[in-house]
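Every number in this text was worked out from the coordinates using simple rules, so none of it is lab data. From a predicted model like this one, the values you see are computed outputs, not experimental measurements. Counting neighbours? That spans all protein chains shown, and the Cβs are built from the backbone with ideal geometry, glycine included.
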Amino acid sequence: MKKTLITGAAGFLGSHLCDRFIKEGYKVIGMDNFITGDKRNIHHLMNHPNFEFIEHDVTEFISIEGPLDYILHFASPASPIDYLKIPIQTLKVGSLGTHNLLGLAKAKNARILIASTSEIYGDPLVHPQTEDYYGNVNTIGPRGVYDEAKRFQESITMAYHRFHGLETRIVRIFNTYGPRMRLNDGRVIPAFMGQALRGEDLTVFGDGSQTRSFCYVDDEVEGIYRLLLSDYAYPVNIGNPNEITIKDFAEEIIKLTGTTQKITYKDLPVNDPMQRQPDITLAKKLLGWEPKIGREEGMKLTFDYFKNLTKDELNKSEHKDFKGYINK
Ligand code: NAD
Ligand code: UDP
């Protein structure tokens, strides 16, 4: 039975990855320090014979007993509100945390996949984004702590691959959504759905002409799984190329949720990318992968999840009260 370490296991993507690897018959060690995660995301796995959980901050030395076959490094704050609130931790988990995990992979002779992001392209000047585009990132802007940590993460991963011959994989994840996102993490889908459910107006930042392309979590996990098992060490975009403006997206959510609320416009956060769409030619060719779940179906599944949250959870409006988003 192959053994896999998944960091960020109590988070949105990490918990879905734990489910997938358990389903495929792996032994899974989940690791998390709960800084942006939630115990409830892995509660159902806690008594599973093939699941073990270690509460640990991956920026500190990591010790695992016995052999390991795979490591998936998904620990990192992932929403703009989170990385503005905890900028140093964000830089540390992408740099020191990744270094520790690469060292562990080397010691165990394990294959490691690291979670990179479309944010390494910054506010892209090439559209759609291909893997050979170097990006347009403001190193000292408010998003720089995340973007540059992820760019460093890619560089150190390639250095371990080239210098130590380590088996490495790099996935560049584009906006992914689904059940278990944190309602108050500030990302656009939980933000809009929370607002609709609480009977508040939907807050569109800027004039809403900026675009994103949303991928349902099951499709993302399938792409990541295939990439891990491939023999390709360079970065691969995994996302859904179906692009939409944020204003049109808010209108879709108004229809889906049946809310009678309207859209209100707020300032656009600094360095908010104006357009984002993955070019997935490489993933199609290399992995035979493309997304299967359209936005309509994925959004229904996601709304069903948020609808079932308690009133208490809904009323935690950290997103609304957060003052640090519009930064100089
Ligand atoms: P999330 O916040 O739900 O999950 C991240 C998890 O990492 C949390 O459980 C958190 O507690 C944990 N964590 C953070 N720092 C840690 C540390 N030092 N030690 C141990 N655990 C730590 O976010 P997510 O959306 O699931 O994102 C997971 C990964 O995927 C991140 O690396 C993120 O950058 C990447 N990613 C996600 C998206 C997306 O759309 N969801 C897009 C691009 C990249
Ligand atoms: N956004 C918005 N209203 C919100 C939250 C986000 O208009 O309440 C916008 C945000 O400015 C960005 C897009 O939605 O243009 C996606 O934001 P998110 O934080 O989900 O992800 P990212 O910017 O990292 O792609």
If packing is taken as the mean number of other Cβ atoms within 10 Å per residue, what is the order of 146-157, 196-207, highest first? 146-157, 196-207
Quick one: which residues, 5 or more positions from PHE205 or on another chain, have an amide H under 5 Å from its amide H? H modelled 1.01 Å from N in the peptide plane, none for Pro or chain starts. LYS266
Based on the mean of other beta carbon atoms within 10 Å per residue, what is the order of 271-277, 37-43, most packed first? 271-277, 37-43
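Can you count the Lys pairs in the stretch 185-296 with C-alpha separation below 26 Å, eight or more apart or on different chains? Intermediate results must be reported in sequence, preceding the final value.
Details: LYS247/LYS255; LYS247/LYS262; LYS247/LYS266; LYS247/LYS292; LYS255/LYS266; LYS255/LYS292; LYS284/LYS292.
Taking the stretch 185-296 as the scope, the lysine pair count is 7.
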What 222 nm value per residue comes from the helices of the chain, counting each DSSP H run with n ≥ 4 as -39,500 (n - 2.57) and dividing by all residues, nearest 500 deg cm²/dmol? -11000 deg cm²/dmol
DSSP bridge pairs, the chain: antiparallel proportion in percent, nearest 5: 10
Using Cα positions and a limit of under 25 Å, work out the lysines in reach of LYS108, with same-chain residues fewer than 8 apart set aside. LYS2, LYS3, LYS23, LYS27, LYS92, LYS150
³J(HN,Hα) across the stretch 303-309 via Karplus (A = 6.51, B = -1.76, C = 1.60, θ = phi - 60°), whole Hz, x for Gly/Pro? 5, 4, 5, 5, 4, 8, 6
The rounded separation in angstrom of the Cα centers of the stretch 77-122 and the stretch 222-295 is 21
